[in-house]
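Written below as structure tokens is the structure these notes are about.
The values are calculated or read from the model by the stated rules, or taken from the named source; none is laboratory data. Because the structure is a prediction, the values reported are computed rather than measured. Glycine also receives a Cβ, built like all others from the backbone with ideal geometry; neighbour counts cover every protein chain displayed. Surface accessibility is based on the protein's heavy atoms, side chains included, excluding ligands, DNA and RNA. Shrake-Rupley method; radii C 1.70, N 1.55, O 1.52, S 1.80 Å.
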Amino acid sequence: MSDPQPVSDRRDPPAPRGRKDRYQVVVLPGDGIGPEVAAQARALLEDLAPRLGLGLDIDEIPCGGRFYLEHGSRDWPEEADARCRDADVILLGAVGWPAPDRPGPVTMADGRMAGYSPVIGNRTELDLYANIRPVKLLPGIAHRISGQVSQVWRPEHVDMVILRENTEGLYAGMGGQLRAGGVASVATDTRVITRASSERIIRRAFELCRTRGRGAPEDGAHRVTAIVKNNVLEGCKLFVEVFDQVGADYPDIERELAIVDAFTQWLVTRPEHYDVCVTTNMFGDIVTDLASVLQGGMGMAVGCNVGDEHAMFEPIHGSAPPLAGKDAANPLAMLLATGEALSWLGHRFGDDRLTRAGAAVDQAVAAICARGEPLTADLVGEERAASLSAVGAAVRAEVATRLTPAG
């Protein structure tokens, strides 16, 4: 993740808006370990601002299941959506909290999980149509399998990016339940696939493949793989039709199809084959969580939710309530997401101070992983485990060595 241009903006972006003296950053800490990792992101930003010679105005907005339990009507404040829209960039921790009276998460009166507004709501309202997830195994990171830490995949074999359409599919919210006599007897979820949304995410995948430049680890081929179920599903048939039409504009890039169920086995048995992958919303949600295993687990996995005007960055792990308050969660995904946010801001506003900072964060995390300490238990096991706060402090120290006042 040390490339000079972030995966979140590798395409033909809008012309830079022009650098500013101050940038507005919304932080949505959320639930569980969300506030803990978000605090590390905030500490990093507050340390960076004077080094970069700019202002970062941080607007922290509470949200999620615990907020809903305390307030009873919404999962974030009334004005939160407008504050997110006015921000230059958004950082999200994690949402979701156990319901006090039954198994599962806290849900709102409308049946949606408390935390829907900052996650799905922002993706929809801000048109963050591209969920871009880099899947890269950093040297020094092993894999936790069956309770043991071992090297299953090699860093030189894991370097891909998966793009997931982020605004429609099964998450379009078109469905419901038939509750005759007050008891749910039928439920439907309508999957919505449109030509317009398919085209923009597919085109973004091809643009990213072209500017990413290095190709698949296996053979160096510049390749875009569409992950579909077009042997059964009509929406996937449309997605493939658009994929072929858009792909024709990129004769320098190889294109292929992968049926989603088969892709799940190829992903773990032959990750070196993949360069850039693109898929629909639900399929992308599933395969990217599986892909995170290749890079050392959820604690290393970044989600970039990007549109043409707005962007929100997050670790893709959940709120992990059992780890909350123990200073034990892995903050690296949140810090890498912060690096991506800085890089995106830098390209968005033509501000090389921010792009340098984003690169410095990536390099700092890579350096800590390469030397093997300090790292949290999910990466090295309990005996060698460092605390969340120790890892965060180490990243800030490493970043500082790469950003001298002279730049």
* To do: Counting only residues that are basic (Lys, Arg), give me the helices (runs of 4 or more DSSP H) lying completely in segment 325-387 with at least 2 of them.
  => 352-371
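Mind checking whether some residue in segment 35-46 is part of a loop (DSSP other than H, G, I, E, B), touching a Pro at 6+ places or on another chain (Cβ under 9 Å) and not aliphatic (A, V, I, L, M)?
No: zero hits.
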* Structure fact -> When (1) over 22 Å from residue 278 (Cα atoms); (2) open to solvent by less than 60 Å² (accessible area, probe 1.4 Å); (3) touching a strand residue (DSSP E or B) at 6+ places or on another chain (Cβ under 8 Å) are applied to residue 82, the one that fails is (3)
* Here are 141, 145: which of them is open to solvent by 60 Å² or more (accessible area, probe 1.4 Å), out of contact with any Ser or Thr (no Cβ under 9 Å at 6 or more places or on another chain) and of a type in the set (Val, Ile, Thr)? -> 145
* Name the one entry in 115, 111 that is open to solvent by 50 Å² or more (accessible area, probe 1.4 Å) and at positive phi. => 111
* Asked: From the list 240, 183, 161, 224, which one is closer than 23 Å to residue 255 by Cα and without any contact (Cβ under 8 Å) to a residue 24 or more places away in the chain?
  -> 240
* Asked: Does at least one position in segment 146-162 carry a residue that is part of a strand (DSSP E or B) and modelled with pLDDT under 90?
  -> yes
* To do: With respect to residue 373, determine if the residue is surrounded by fewer than 24 Cβ atoms within 10 Å (Cβ to Cβ), out of contact with any Lys or Arg (no Cβ under 8 Å at 6 or more places or on another chain) and of a type in the set (D, E, K, R).
  => no
* Would you point out the residue of segment 53-70, among those that are crowded, with 20+ Cβ neighbours inside 10 Å and part of a helix (DSSP H, G or I), that is nearest to the chain's Cα centre (by Cα)? => 65
* Residue check: is residue 43 small (Gly, Ala, Ser), in contact with a Lys or Arg (Cβ under 9 Å, 6 or more places away or on another chain) and open to solvent by less than 50 Å² (accessible area, probe 1.4 Å)? -> yes
* To do: Kindly establish whether residue 292 is farther than 22 Å from residue 222 by Cβ and under 12 Å from the mean Cα position of the chain (by Cα).
  => yes
* Of these, 140, 93, which one is on the phi > 0 side of the Ramachandran plot and not in a helix (DSSP H, G or I)? -> 140
* Restricting segment 264-301 to residues that are farther than 15 Å from residue 135 by Cα and of a type outside the set (S, T, N, Q), which is surrounded by the fewest Cβ atoms within 10 Å (Cβ to Cβ)? -> 282
* Taking only pairs six or more apart or across chains, which ones have beta-carbon atoms under 9 Å, a first residue in segment 76-105 that is closer than 14 Å to residue 125 by Cβ and touching a residue at least 60 places away in the same chain (Cβ under 8 Å), and a second residue that is among the polar types (S, T, N, Q) and open to solvent by 20 Å² or more (accessible area, probe 1.4 Å)? -> 86/24; 87/24
